[in-house]
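Throughout, read-outs are computed from the coordinates displayed, never taken from laboratory work. Everything quoted here is computed from the prediction, not taken from an experiment. Because the Cβ atoms are built from the backbone with ideal geometry, glycine has one as well, and the counts that use them run over all protein chains shown.
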Amino acid sequence: MPAYYLEALTVTLGLILLMAEAFSTNRSKAWIGGLAAAGLAAVIALLFFAVGPDAKPDAAWSKWAVWTFYQFDGLARFYKGFALVTTLFVVLLSIDFRSILARFTDHPGSESGTGEFYALPVFACAGMMWMASAKDLAGAFVALELVTITFYILVAFLRRNVGSLEAGVKYLILGALSTGFLVYGIAWIYGATGTMSLAALPQAIAHVQSPAFLLFGIALVMVALGFKVGAVPMQAWIPDVYQGAPTPTTAFLSVGSKAAGFILLIRFLTPFLAETSPVRGQVLALLAVLACATLIFGNLAAIPQTNFKRLLAYSSIAHAGFLLLALAAWTPGDANLLGSVNAVSFYLATYLIMTLGAFFVLGQIRIQADGERIEDFNGLGKRNPLLALAMTVLLAALAGVPLTAGFLGKFFVFSLAVKQGLWWGVGLGFVAAAAGFYYYFKTIRAMWWQPAAADAKALVLPPVTKACVAVLTIASLVFGLWPQPILALLQ
Amino acid sequence: MLALLVFLPVLAFLAILCGAPARLTAIAASVVNLALGIAAAAAPKAACWAFSVPVLATPKLNLAFGLIDGMSVILILLSVIVTLAAVLSGKAPEGREKLWYGSSLLISAGAIGAFAATDLFFFYAFHELALIPTFLMIGILGRGDRRDAAWKITIYLGFGSIVLLAGLVWLASVTGTFDLVKMLADKTAIDPAAQKGIAALLLVGFGTLVSLFPFHSWAAPAYASAPAPVAMLHSGVLKKFGLYGLLRLAIPLLPDGMQVWLTPLLVLLLGNILWVGLVTVSQKRLDLLLGNSSVMHMGYIFLAIAALAAVPGGNTIALPAAVILMFAHGISIALQFSLADNIEKSTGSLDFADLGGLAKATPALAFLFGIGAMASIGLPGLANFSGEVMVFLSAFKNYDPSAGLGPVQIACILALWGVVISAVYMLRAYRNVFQGPAVAATESAADLSFADRLPALLLVIALFAVGLYPNLLLSLLK
């Protein structure tokens, strides 16, 4: 099956969901979410049968022009799967979050319009899948815009909630600005090299007379991609938007959107970081500066936070810092060392597991304790010990405690940075990890050591959330001990 | 088989989580582990102990256990003995049995895993596994200022672990392998500049975990507020991980690096022995006194490490000295924390002002605590004596009278005063608690029941066995 069927199927699924929303009654829309989840699961299954033109060079579809701006390799498969799995979990999270959605969109008791909240992530997912296959800057731009425009709606979805609207406006303005940077940067690169194809770039840049124009273009594109992944100084939107957006959207932004940004960054940078590239040194220096700034800002600014959702926003900046550090220590990888691309991919996979798990718990705290502050976790160890245990594991994994998946990700990054002698990055990375230890454990402390508020009730999880939290918690432990399955997917 | 030793407590923890009777399961697992540990000490050369499962292709990581040398065997033996004593000691608060026994088992699994691991990655990882339940137990079930104490130990040990991780990643990067056995066998010549950096990170990282002065201030409050089994397991077993790490990695692999930091290390260890020793003398509560004394005694083991570092490849007595003292201190401090918990249970206080004359009402408790106190001072016949004597001797190994006293010898002479200091505070504590006229709290105190005596007896037997016949352990180190 040609790989581009996957995107086509995903878009079709989104359209079906929109129709389902339009022609269904307003009492309950949960089944639309169920349909979306089932459809996404089916696409995930099909992912294993998708092939690129190399597998069947004789087939008629292998000769289509689509392959000039669309590629399918191991990395594309991995990140397509990543986008699909993220979207699947986000849809599941939205199903249990629908009471809040209904409260802030229409009058209570009616779920009118909330079905769109299951359809929009599916469209964004199609965009992320395309980003994973980007081979041409123009194509990459279109895919990125599909994702970004969908997110404008998703962030501002709670139209009767001021916080959500404010977040939506902020995201719209800054997002539009970053789009401008992206197009402008692509234009400069095209002007300097005469091509927009990433495959043709290595040859084109070898003959560039003066790299100044090219570097200017690269810097502009990196501003736009830095906005996507949350790199300092393009991180300013993250705390407010994450805090204001509906929790499933925040989860989607922090995992799906970030991963899509990173795969695009990898695709975009690969030609410029090749051994023969004349701008390799400058690009690496730029990456190192971004990584150090992001590590420091994300971790230090997270320390004083009291709102857990905002804390996760800063933590997502912090994790972006570690990922950028792995890119700054660009290494192809050998028998003794995981390459940068694989290290980033592995890190993102573990980040998906831990972060989505934390968002599932946060969603229920938001609904049942009516708050998102760290205080609202007080006494969780008494109110629901198993959930508190799971949350402890997830937070410990985010902090990077050994034998959890989060540790291995950081471990690979540090190995790379040590190997490349990025001592500043290594030093800041360890300071950052220590700070992370502090702020994640602050929540663990609240759960176990602080007494619950006097009127706190026991916390009961709905079945979908319960299953997802269990799966993600166990996964974050299993992959901490046995990471081989994730790495096997990358081969 | 070593994998069984490590995973049996984890399996028991899972069983408890699923509803098995907590105390019984924990005791059963610990007894089986004790038997396995003794078997490992009896036949350390047997091939059945090694275990290896590949977990990652690049970089090559194996979940591997093995008995690298006698030091691993002795520390595993220490772990299983103290674990059994810890699950037998103390009483879980109503309704918290799962947490109480489950945490003890996890701490034990982490410690055994760290001592048995032959892969650098899991060596580090298992120790961290043990820290999390330690933090939680102190924070949830501790006494007194438990939240502050727990937060302090979390921050300090978290910091120490991260510095340590930096050193270990660096070490793995210069040796090109995570396999400890391979690393030690190859003895890769490491560039002296890198050695200097790695040794500094390892000394600070491991040092924080072992409460090396001035990174020690977490220890006493944490032990004072920790529930008895956690105090026993952490001070007795888990803390030895840092010393084990220095002896296993820093001494053989980083001779030049350790040489560079020798003088600073000597100054810091004197801080442990003299400064913390004097702090201990001024304590007004038994639990804080024991916590501080355990910090102080780490100084002697650091002295042995310094003696090893000072004479690269030549100090044959310092390694056995350090290992025996680690074992002896682990057993004796566990004994003291276990009995201190009994004192608090029967009198309701550990404040010297509220205690006195307890020996009349509780002769057995007084006798057993006396043995623990004497061991801690270093009375001949008890295990600590052989360790301390060997440490002092090791400092003068290769001593050349014509060249005058070197820094290690001067440190040793100053450290000898530590013996006096510990005699002062231990005997004072004993007098304050057990002798003199009985006061209201101690008049009607109940003596140890048979169940309470069991853990103490187990530890006392170990103290006498090694004290009277140190060859039990020394033969393992040959």
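Going by how many other beta carbons lie within 10 Å of each one, how would you line up B:Val53, A:Val283, A:Val241, fewest first? Mind dumping the intermediate values first?
On the way: B:Val53 12, A:Val283 21, A:Val241 26.
Going from sparsest to densest Cβ surroundings: B:Val53, A:Val283, A:Val241.
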Skipping prolines and chain starts, which residues have an amide H placed within reach, meaning under 5 Å, of the one on A:Asp136, given they are 5 or more residues away or on another chain?
A:Leu198
Along segment B:120-133, what does the Karplus equation 6.51 cos²θ - 1.76 cosθ + 1.60 (θ = phi - 60°) give for ³J(HN,Hα), rounded to whole Hz, x for Gly and Pro?
3, 4, 7, 3, 6, 5, 5, 4, 5, 4, 6, 6, 4, x
Mind grabbing the base-10 log of I(q)/I(0) for segment B:326-416 at q = 0.24 Å⁻¹? Debye formula, identical points on the C-alpha positions, no solvent, two decimal places.
-1.14
Calc'd 3J(HN,Hα), segment A:322-328, phi into Karplus 6.51 cos²θ - 1.76 cosθ + 1.60 (θ = phi - 60°), Hz, glycine/Pro = x, comes to 5, 5, 5, 4, 4, 6, 5
For a quick check: sort B:Tyr300, A:Tyr347, A:Tyr438 by the number of other beta carbons within 10 angstrom, fewest at the front.
A:Tyr438, A:Tyr347, B:Tyr300
Rg/Rh for segment B:136-175, where both radii come from Cα atoms and Rh is the Kirkwood radius
1.28
The residues B:Phe396, A:Phe104, sorted from fewest to most surrounding Cβ atoms within 10 Å, come out as B:Phe396, A:Phe104
Can you tell me the dipole magnitude for the protein assembly as shown around its Cα centre, using point charges on the Cβ only (Lys, Arg +1; Asp, Glu -1), in Debye to the nearest 20?
500 debye
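About its Cα centre, what dipole magnitude does segment B:29-147 give when the only charges are +1 on Lys and Arg Cβ and -1 on Asp and Glu Cβ, stated in debye to the nearest 20? Write out the running numbers ahead of the final one.
On the way: 8 positive and 6 negative charges, 46 e Å.
I would put it at about 220 debye.
Quick one: which of A:Lys442/B:Lys182; B:Lys45/B:Lys187; A:Lys29/A:Lys410; A:Lys228/B:Lys152 span more than 29 angstrom between C-alpha atoms?
Details: A:Lys442/B:Lys182 40 Å; B:Lys45/B:Lys187 22 Å; A:Lys29/A:Lys410 40 Å; A:Lys228/B:Lys152 37 Å.
Exceeds cut-off: A:Lys442/B:Lys182; A:Lys29/A:Lys410; A:Lys228/B:Lys152.
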Please express the shape of segment B:94-168 as an equivalent ellipsoid: the semi-axes are the square roots of 5 times the eigenvalues of the C-alpha gyration tensor, given largest first in whole angstrom.
24, 17, 6
How large is Rg/Rh for segment A:103-227, to two decimals, with Cα atoms and a Kirkwood Rh?
1.13
Normalised alpha carbon radius of gyration of segment B:12-108 [divisor 2.2 N^0.38 Å]:
1.27
Using modelled amide H (1.01 Å from N, peptide plane; none on Pro or chain starts), what sits under 5 Å from the amide H of A:Val51, excluding residues fewer than 5 places away?
A:Ala3
Among segment A:288-319, those whose backbone N falls under 14 Å of a label point 7 Å along Cα→Cβ from A:Trp424 are A:288-297
Could you give me D for segment A:320-426, from Stokes-Einstein at 37 °C and 0.692 mPa s, where the hydrodynamic radius is the Kirkwood radius over C-alpha pairs? Units µm² s⁻¹, please.
216 µm²/s
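How large is the convex hull of the C-alpha atoms of segment A:426-491 per residue, in Å³?
Values: hull volume 9.3 nm³, N = 66.
Taking the convex hull of the Cα positions in segment A:426-491, it is 142 Å³ per residue.
Arrange the peptides B:413-419, B:369-375 so that the one whose residues have, on average, the most other Cβ atoms within 10 Å appears first. Walk me through the numbers on the way to the answer.
Numbers: B:413-419: 16.7, B:369-375: 23.1.
Result, highest mean Cβ count within 10 Å first: B:369-375, B:413-419.
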10 Å-binned pair-distance histogram of segment B:404-478 (Cα, whole percent)
14, 19, 35, 21, 9, 2
Electrostatic dipole magnitude of segment A:357-450 [Cβ: Lys, Arg +1; Asp, Glu -1; Cα centre; debye, to 20]
180 debye
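When all alpha-carbon pairs of segment A:180-268 are counted, what percent fall beyond 21 Å? Show your work: numbers first, answer last.
Numbers: 1525 of 3916 pairs.
Of all Cα-Cα distances in segment A:180-268, 39 percent exceed 21 Å.
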Projecting the Cα atoms of A:Gln364, A:Leu403, A:Ala388 onto the charge dipole of segment A:360-421, where Lys and Arg contribute +1 and Asp and Glu -1 at Cβ, the residue farthest towards the positive end is A:Leu403
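Report the rotationally averaged projected area of segment B:83-229 based on its alpha-carbon convex hull, in square nanometres. Walk me through the numbers before you get to the answer.
Numbers: hull surface 37.0 nm².
Average of the hull's projected areas for segment B:83-229 equals 9.3 nm².
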Lysines with Cα under 23 Å of B:Lys397, excluding same-chain neighbours fewer than 8 positions away:
B:Lys478
Quick check on chain A: helices-only [θ] at 222 nm, where DSSP H runs of length 4 and up contribute -39,500 (n - 2.57) each and the sum goes over total residues. Nearest 500, please.
-23500 deg cm²/dmol
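Tell me whether segment A:69-177 comes out rounded, prolate or oblate; compute the Cα gyration tensor, take square roots of the eigenvalues as a ≥ b ≥ c, and use a/c under 1.5 as the rounded threshold. Mind dumping the intermediate values first?
Details: a/c = 3.35, a/b = 1.69, b/c = 1.98.
Oblate, because a/c is 1.5 or more while a/b does not exceed b/c.
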With 44 Å as the cut-off, how large is the P(r) tail for chain B, expressed as percent of Cα-Cα pairs?
8 percent
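Let me confirm one metric for peptide B:158-171, namely the mean number of other chain beta-carbon atoms within 10 Å of its residues' beta-carbons. Present the calculation step by step, with values, prior to reporting the outcome.
Values: counts 8, 4, 1, 6, 11, 2, 0, 9, 7, 0, 2, 10, 4, 1.
Mean partner shielding for this stretch: 5.
Any idea what the alpha-carbon Rg over 2.2 N^0.38 Å comes to for segment A:378-471? Show your work: numbers first, answer last.
Numbers: Rg = 16.8 Å, N = 94, 2.2 N^0.38 = 12.4 Å.
Normalised Cα radius of gyration, segment A:378-471: 1.36.
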Return the long-range amide H neighbours of B:Asp119 (sequence gap of 5 or more, or a different chain), with a cut-off of under 5 Å between placed amide H atoms.
B:Ala64, B:Leu180
In sequence order, calculated HN-Hα J values of segment A:389-400 (Karplus, 6.51, -1.76, 1.60; Hz; x Gly/Pro)
5, 4, 5, 4, 4, 5, 5, 4, 5, 4, 6, x
Could you work out the relative contact order of chain A? I mean the mean sequence separation of Cα pairs under 8 Å and 6+ apart, divided by the number of residues, in percent.
14 percent
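The protein assembly as shown: percent of C-alpha pairs farther apart than 39 Å?
Values: 219415 of 468996 pairs.
Considering the protein assembly as shown, 47 percent of its Cα-Cα pairs are separated by more than 39 Å.
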Using just the alpha carbons, could you tell me how many Å³ per residue the convex hull of segment B:231-381 encloses?
100 Å³
In vacuum, with every alpha carbon of segment A:1-51 counted as one equal point scatterer, what does the Debye formula give for log10 I(q)/I(0) at q = 0.14, 0.16 Å⁻¹? Two decimals, please.
-0.40, -0.49
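Wrap a convex hull around the Cα atoms of segment A:234-364, take a quarter of its surface area, and give that in square nanometres. Intermediate results must be reported in sequence, preceding the final value.
On the way: hull surface 33.4 nm².
The orientation-averaged projected area of the Cα hull of segment A:234-364 comes to 8.4 nm².
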For chain A, with the dipole built from +1 on Lys and Arg beta-carbon atoms and -1 on Asp and Glu ones, taken about the Cα centre, which of A:Ile100, A:Val155, A:Phe322 lies farthest toward the positive end?
A:Ile100
Could you pull out every one of the lysines with an alpha carbon less than 25 Å from that of A:Lys56, ignoring same-chain neighbours closer than 8 positions?
A:Lys80, A:Lys135
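Would you please put B:106-114, B:208-216, A:299-307 in order of how densely packed they are, using the mean number of other Cβ atoms within 10 angstrom per residue and starting with the highest? Intermediate results must be reported in sequence, preceding the final value.
Working: B:106-114: 28.7, B:208-216: 23.3, A:299-307: 17.3.
Put in order of decreasing packing, that is B:106-114, B:208-216, A:299-307.
Can you run the Rg to Rh ratio on segment B:347-478? Use alpha carbon positions and the Kirkwood inverse-distance Rh. Walk me through the intermediate numbers first.
On the way: Rg = 19.0 Å, Rh = 17.2 Å.
Taking Rh as the inverse mean 1/r over Cα pairs, Rg/Rh reads 1.11.
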For chain A, convex hull of alpha carbons as volume per residue, Å³
133 Å³
